[in-house]
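Chemist: Okay, here's the structure, questions in a sec.
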Amino acid sequence: MKHFFIGLLLFTIGSIHAQKCNYTLSGKVTDFHDGDPLFDAMLKVVGADIYAVTDFDGNYSINNLCAGEYTIEVSHPQCETTLFNISITESTTRDFNIEHHAEELKQVTVTGEKYKNETNSGSEESLKSETLEKFSSGSLGDALKEISGVSSLNTGSTVVKPVIQGLHSSRVLIINNGVRLKDQEWGVEHAPNLDVNSAANITVVKGAGALRYGGDALGGVIVTDPRIAPVKDTLFGKTIFSAASNGRGVSTTSSLFKAFKTGWYVNGQGTIKYSGDLETPDYVLSNTGDREKDFSVGFGLNKFSYGFDAYYSYYDAEIGILRASHIGSVSDLIRAINNLEPNYVEDFTYDINAPKQDVKHHLAKMSLFKRFENAGKLNLDYSFQFNKRLEYDIRRGDDRNTPSLDLELKTHTLSSNFTWDSENDFTANFGAETSYQENYPNPDTGIRRLIPDYKMYTAAGYATIDYNLSDDWKLDAGLRYDFVRIDALKYYLNSRWEERGYDVDYQDIVIQNLDNQLLANPVFDYNNWSGTLGAKYTIDNNLVARFNLSSASRSPNPSELFSDGLHHSAAVIELGDLRLKKEQSFKAAVSLEGNYSDFNFTLNPFINRIQDFIILEPNGIQQTTRGAFPVYAYNQVDARLFGIDVGAQYQLNDNFELNSNFAYVNGQDLERDRPLIDMPAPNWTNTLTYNYKNWHNLTVGLRSQAVFEQKRFPDNDFSVVIPVNSEQVETQVNVSTPPAGYNLFHLSSSMDFNVNEHSKLSLGLYVDNLLDTDYRDYLNRQRYFVDDLGRNFRIQLKLNY
Amino acid sequence: MKSYKIITLLFLSVLAITSCSDDDRIPEPINEEEVITTVIVTLESSGPDDDVVFTSQDLDGDGPDEPTINIEGKLRANTTYSGSLTILNETVFPVEEINEEIEEEADKHQFFFEFNGFDGTTTYTDTEADYNGGNDNPVGLKFILNTGEASSGTFTVTLRHEPDKEASGVSQGDISNAGGETDVQQTFNISSI
């Protein structure tokens, strides 16, 4: 109020002297972002014919102003024009900050979305929407295999888990729109609960370089970004329809994006997939149908200095699990391995019966950001995730329609990040993150809980810096600390408790004794440190080298700690271990990137030494009324992985391009001096693409995908005495030997048609496994039972509008 | 600036709503109903001898303890026994008779009997129709066991869930083409005098 009176007083005085017109308004125009002076900014007094232009230091001066109220319009070729109100009562000095923004906007229109690199020195690679769209009817894991060094661990062809340089599951973080996906990711049969169509860009960071997202990325981080909102009035969208012969499936996805010049935006996206039994060249893979219904919606405000984003995504999948892979005993497994054809083949159907998975994932997120002048940008995020996983096995009687696994996982995460970027040569990130997670296994399944009731609390803090040492050298370093507490309530069979020796080590955590089982309350704390150190060296205009050292630290996941029971798809009894410690990796990676006019390449060798690497390994045989079962227990060993990813691209002439990707990983258990299990086999993919721009942008590509035989594997074969042809025979069960290598050919073709000024139709025709080759893949858990997929014709219609 | 405040308020209220109350519930124990702990083979002879009973009992189900095998009575050579099977889940109280479930889904179950070294044969004496409709295919809860010359060896009982009963030899008791999943597989060391 006081200010108002003073203002009024000044205004009155000003009015009295209104005739006097010799005041000067002067000052400086600077970039809001980093405080840099802006040269050649134009200042215009609105309503008067008075102009001024800033000099090299951003200074301006407007002379001969009368006292009064003025509106000053400040404009700059690279900035958004901004209006400022000012009242003049005497000669005034006033600095203006304007948004150095239009430049970004221009890039958006010229080059499409602009996604920043996640790390300075880490080896990372991105998939753009054009590539992702090809996998619209597939899964995230399939799309990621386009990146050399990324393979997948499959259960059939619908459950596809990405593997980065030999590591997967809990060792690979998946970030959906800034939120770390918590979708029971520990399970090898659990596909990421994420629709590939919801991402406009996916970046894979190999290794632990992206500390902001977590310190436990021994394998790497997969960052999926939704479309960045442009700051202009626009409405655009696309619809993709796909149909496939194998599985006789259809899928369609649509998205719509509305943005306003004011910074507001709203968008939505939805996908439906429906397919039936898949087929190998020779037989139907019964019960491998797949349904998916996903959508995401978001809205927000994207001003230069502040904004917010609200986002919700829903993923709902019903996935049939190959009927022939559900087995009751080791005898069944032996039969499966020895028979060339599965024991259960029915006619094609769209029906999905047990065994199957029914998974739903909700993710709600709210984030705010504010930019501070001469400092940087503060982000504040809150997210809530709810994951519901139902798994149905083949059961008897009244339980026939009851799931065998019924898990509800709720995760709340609160995180903040401050990017300090006001110095030209120096960027720093500081952040803190805390989360609370609760797992509830529904007891109505009538089956002992695979994963117990638990609560998990985490708190983390990190700092990273990027420093431009010179034009050629950019250095980076980061450190992160994670605290993890897990507080579980789990029932153990008395016999198991004793067999594991817990009655000696953990008797004090028993809180209840029942007839044949007991309730234990393990509470474990883990303190994890992770860090990264690296440099990016620009050798010349064409060559860039990156050097990165990183260390990641991961606490054992609930499955590694608590698993306790029979796995129906593998006929093994899996046992967790309460004694497990955290695992820590030390990784060194180099990446060399060359960009010449018609030739590009990347070379990416790495070595990863992991202390207390958690592995699942054979631990004897156990007799039950169903026969003998091999027991696999979690254990820790020191391990070493090394390998190389190579990518090259050669433009033969205006029309032909050759693309080549090669990846090799060598994993070794140092304690037993033998290879690690489930390491991707060396693979080499070559693609020859013909493109003729003048005729509907015709593109035809032939790809050869060669996967060599994995010669390095641990011998986990075991022998059991089982009845064979009425005789008790000691039988060797060959579960270790990888299948033979294979070479597949894939054909792709596409054409574009302009529908009208704003709409474009693309038509694609693809043939996967062109020669209908029989093959089995080492990293497919169903390789014991069936061949992999036969030939598949796909058509895809894409309409951009 | 006003919108900024609203956003902050919205943000905090979301936090407040979602910070759920902490209920320290003790989870209820689960006693699995489908576990098969006990297989009892009862053989009644037409003669004066007592019944011969083979029992396999594994009270911790898929737990680490091995099944306890017990053979009661002695088989005689060249004798006909009428056999029956009792399948139990003894982890629950009252004890659950899995026989009832097998009878209800007789068409989805079949027992197989195999000898090794022991001179004996078995014949099914029940069909699906005896229990719950179905057709003439055997189930195997009831059977006849004929012993030959005095011998010793093993006797294996296997229960397959969802076997292909129409496959060659399966309804005569040949397991080779049966398919399906193994629910029970238990071997007894037996002899006859």
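The numbers here are math on the coordinates, done by the rules we state, and not lab data. Please read these numbers as outputs of a predicted model, since none were measured by experiment. FYI the Cβ positions are ideal-geometry reconstructions off the backbone, even for glycines, and counts take in every protein chain you see.
Chemist: If you take the beta carbon distance between A:Lys128 and A:Trp420 as r and set R0 to 30 Å, what does 1/(1 + (r/R0)^6) give as a FRET efficiency, to the nearest 0.05?
Modeler: 0.55
Chemist: Let me ask something else. If you average 1/r across every pair of different Cα atoms in the stretch A:289-333 and take the reciprocal, what Kirkwood value do you get, in Å? Please report the intermediate quantities before stating the final value.
Modeler: Working: mean 1/r = 0.0676 Å⁻¹.
Computed over Cα pairs of the stretch A:289-333, the Kirkwood hydrodynamic radius comes out at 14.8 Å.
Chemist: Okay, next question. Going from the alpha-carbon gyration tensor of the stretch A:644-684, what semi-axes, largest first and in whole Å, does one get by taking the root of 5 times each eigenvalue?
Modeler: 36, 7, 4
Chemist: Also, I was wondering about something else. Given A:Pro556, A:Gly594, A:Ile573, which one lies farthest toward the positive end of the charge dipole of the stretch A:556-597, if we put +1 on the Cβ of every Lys and Arg and -1 on the Cβ of every Asp and Glu?
Modeler: A:Gly594
Chemist: Which whole-number percent gives the relative contact order of chain A, counting Cα pairs below 8 Å spaced six or more residues apart?
Modeler: 9
Chemist: Something else now. Treating only the Cβ of Lys, Arg, Asp and Glu as charged (+1, +1, -1, -1), what charge dipole size does chain A show about its Cα centre? Round to the nearest 20 debye.
Modeler: That gives a dipole near 1040 debye.
Chemist: Next question, about the same structure. Residue by residue through the stretch B:48-62, what is 3J(HN,Hα) from phi via Karplus (6.51 cos²θ - 1.76 cosθ + 1.60, θ = phi - 60°)? Round to whole Hz and write x for glycine and proline.
Modeler: x, 5, 5, 5, 9, 10, 9, 10, 10, 10, 10, 5, 9, x, 7
Chemist: Same structure, new question: Would you work out which of A:Ala143, A:Asn697, A:Asn661 lies farthest towards the positive end of the dipole of the protein assembly as shown, given +1 charges on the beta-carbon of Lys and Arg and -1 on that of Asp and Glu, about the Cα centre?
Modeler: Positive-end residue among those listed: A:Asn697.
Chemist: Turning to a different aspect of this structure: Label 7 Å along Cα→Cβ of A:Asn401; the stretch A:433-453 residues with amide nitrogen under 20 Å?
Modeler: It comes to A:442-447, nothing else.
Chemist: In a shell of Cβ-Cβ distance under 15 Å around A:Trp473, excluding A:Trp473 itself, what net charge do Lys and Arg (+1) and Asp and Glu (-1) give?
Modeler: -3
Chemist: Taking Cα pairs under 8 Å and at least six residues apart, what relative contact order does the stretch A:417-491 come out at, in percent?
Modeler: Worked out over the stretch A:417-491, it gives 30 percent.
Chemist: Okay, moving on. Can you tell me how much longer the chain between A:Ser75 and A:Gln507 gets when fully stretched, taken as 0.36 nm per residue apart minus their C-alpha distance, in nm with one decimal?
Modeler: Values: separation 432, 0.36 × 432 = 155.52 nm, distance 7.38 nm.
Full extension of this stretch gives 148.1 nm more.
Chemist: Given points 7 Å out from each Cα along the Cα-Cβ axis, report the A:Glu617 to A:Lys711 separation in nanometres with one decimal.
Modeler: So the two model labels end up 2.3 nm from each other.
Chemist: Which whole-number percentage describes the relative contact order of the stretch A:705-754, with Cα contacts under 8 Å and a sequence gap of 6 or more?
Modeler: Numbers: 59 pairs, mean separation 22.2, N = 50.
Relative CO of the stretch A:705-754 lands at 44 percent.
Chemist: Mean residue ellipticity at 222 nm from the helices of chain B, using -39,500 (n - 2.57) per DSSP H segment of n ≥ 4 over the full residue count, to the nearest 500 deg cm²/dmol?
Modeler: Counting only the DSSP helices, I get -4000 deg cm²/dmol.
Chemist: Any idea what the dipole of the stretch A:725-787 comes to, in debye rounded to 20, about its Cα centre with Lys/Arg Cβ at +1 and Asp/Glu Cβ at -1?
Modeler: 160
Chemist: Once the Cβ-Cβ distance between A:Leu652 and A:Leu799 is put in as r, and R0 is 41 Å, what FRET efficiency do you end up with, to the nearest 0.05? Mind dumping the intermediate values first?
Modeler: On the way: r = 32 Å, r/R0 = 0.77.
Result of the calculation: an efficiency of 0.80.
Chemist: Compute the Cα gyration tensor for the stretch A:118-202, then decide on rounded, prolate or oblate, letting a ≥ b ≥ c be the square roots of its eigenvalues: rounded whenever a/c is under 1.5, prolate when a/b is larger than b/c in the other cases, and oblate in all that remain.
Modeler: rounded
Chemist: Then there's this: Starting from the Cα of A:Val729, move 7 Å in the Cα-to-Cβ direction to define the label point; list residues of the stretch A:331-366 whose amide nitrogen is under 11 Å from there.
Modeler: What the label zone holds, given the 11 Å backbone N cut-off, is A:335.
Chemist: So for the stretch A:341-457, what are the equivalent ellipsoid semi-axes in whole Å, largest first, each being the square root of 5 times an eigenvalue of the Cα gyration tensor?
Modeler: Result for the stretch A:341-457: semi-axes of 46, 18, 11 Å.
Chemist: Here is a follow-up. What list of ³J(HN,Hα) couplings, whole Hz, do you get for the stretch A:236-248 from phi and the Karplus terms 6.51, -1.76, 1.60, once you set θ to phi - 60° and write x for glycine and proline?
Modeler: Listing the rounded values in order: 8, x, 7, 9, 10, 10, 10, 9, 10, 6, 7, x, 6 Hz.
Chemist: Using helices alone, I'd like the mean residue ellipticity at 222 nm for chain A: each DSSP H run of four-plus residues gives -39500 (n - 2.57), total over residue count, nearest 500. It would help to have the intermediate numbers written out before the result.
Modeler: Details: 8 runs with 60 residues, N = 801.
Helices in chain A give a 222 nm mean residue ellipticity of -2000 deg cm²/dmol.
Chemist: Placing +1 on the Cβ of each Lys and Arg and -1 on the Cβ of each Asp and Glu in the protein assembly as shown, which of A:Phe56, A:Val297, A:Gly320 has its Cα farthest towards the positive end of the resulting dipole?
Modeler: Sorting the options by dipole projection puts first A:Phe56.
Chemist: Further question on the same structure: Considering only the other residues whose Cβ falls under 9 Å of the Cβ of A:Asn267, what net charge follows from Lys and Arg at +1 and Asp and Glu at -1?
Modeler: +2
Chemist: Binned at 5 Å from 0, what are the whole-percent values of the Cα-Cα distance distribution for chain B, short to long?
Modeler: Calculated over all Cα pairs of chain B, the distribution is 1, 7, 13, 16, 15, 12, 9, 4, 2, 2, 3, 3, 3, 3, 2, 2, 1, 1, 0, 0, 0 percent.
Chemist: Given 0.36 nm per residue, what is the gain on full extension from A:Glu341 to A:Glu757 after removing their alpha carbon distance, in nm? Walk me through the numbers on the way to the answer.
Modeler: Values: separation 416, 0.36 × 416 = 149.76 nm, distance 5.41 nm.
Between A:Glu341 and A:Glu757, full extension yields 144.4 nm more.
Chemist: Collect residues whose amide H, placed 1.01 Å from N in the peptide plane, falls under 5 Å from the amide H of A:Ala628; neighbours closer than 5 in sequence don't count.
Modeler: Those lying under 5 Å, H to H, from A:Ala628 are A:Val330.
Chemist: Tally Lys and Arg at +1 and Asp and Glu at -1 over the other residues with C-beta under 14 Å from the C-beta of A:Arg674: what net charge comes out?
Modeler: Numbers: positive: A:Arg640, A:Arg672, A:Lys711, A:Arg712; negative: A:Glu617, A:Asp638, A:Asp669, A:Glu671, A:Asp673, A:Asp678, A:Asp715, A:Asp717.
Overall, the nearby charge balance is -4.
Chemist: Apply the Karplus parameterisation 6.51 cos²θ - 1.76 cosθ + 1.60, with θ equal to phi minus 60°, to every residue of the stretch A:546-558 and state each ³J(HN,Hα) to the nearest whole Hz, in sequence, with x for glycine and proline.
Modeler: 10, 10, 9, 10, 9, 10, 10, 9, 10, 6, x, 8, x
Chemist: Quick one: if the Förster radius is 51 Å, what FRET efficiency do A:Thr24 and A:Asp471 give, using the C-beta to C-beta distance and rounding to 0.05?
Modeler: According to the calculation, E is roughly 0.80.
Chemist: Return the distance in nm (one decimal) between the two label points of a simple spin-label model at A:Lys232 and A:Ile607, each offset 7 Å from Cα along Cα→Cβ.
Modeler: 5.1
Chemist: Right, something else. So which GluC sites (Glu not before Pro) in the stretch B:74-169 end up in coil per DSSP with only 13 or fewer other C-beta atoms within 10 Å?
Modeler: Here the sparse-neighbourhood loop sites are B:Glu149, B:Glu166.
Chemist: I've got another one for you. So how far apart, in nm, are the two label points at A:Phe599 and A:Asn527 if each is 7 Å from Cα heading toward Cβ?
Modeler: Going by the 7 Å Cα→Cβ label model, 5.3 nm.
Chemist: Could I ask something else about it? Find how many whole Å separate the alpha carbon centroid of the stretch A:575-621 from the alpha carbon centroid of the stretch A:133-154.
Modeler: A separation of 19 Å, based on Cα centres.
Chemist: So if I restrict to the alpha-carbon atoms in the stretch A:190-302, what is the Rg, and what is Dmax, the biggest pairwise distance, in Å?
Modeler: Both quantities, over Cα of the stretch A:190-302: 18.3, 59 Å.
Chemist: Right, another one. According to the Kirkwood expression over distinct Cα-Cα pairs, how big is the hydrodynamic radius of the stretch A:206-259, in Å?
Modeler: 15.0
Chemist: So how tilted is helix B:2-18 from the main axis of chain B? Cα-based, degrees 0 to 90, rounded to 10.
Modeler: 30
Chemist: Computed over the Cα atoms of the stretch A:450-557, what is the convex hull's projected area averaged over all directions, in nm²?
Modeler: For the stretch A:450-557, the mean projected area of the Cα convex hull comes to 10.0 nm².
Chemist: For chain A, return all DSSP H helices satisfying: extent of Cα atoms along own axis at least 18 Å; mean Kyte-Doolittle hydropathy at least 0.0.
Modeler: Values: long enough: A:2-16 (21 Å, 1.59).
TM-like helix candidates: A:2-16.
Chemist: Same structure again: So how long is each side of the protein assembly as shown along the principal axes, counting just the alpha-carbon atoms, biggest first, in Å?
Modeler: 136, 66, 53
Chemist: With 26 Å as the limit, write out which pairs from A:Lys232/A:Lys370; A:Lys232/A:Lys760; A:Lys145/A:Lys365; A:Lys261/A:Lys370 have Cα-Cα distances beyond it, or answer none.
Modeler: Over 26 Å apart, Cα to Cα: A:Lys145/A:Lys365.
Chemist: Enumerate the residues in the stretch B:23-45 having an amide nitrogen under 12 Å from the point lying 7 Å beyond the Cα of B:Arg76 toward its Cβ.
Modeler: B:45
Chemist: Within the stretch B:72-134, report the trypsin sites (Lys or Arg not before Pro) that DSSP leaves as loop and that have at most 16 other Cβ atoms within 10 Å.
Modeler: Those satisfying the criteria are B:Lys74, B:Arg76.
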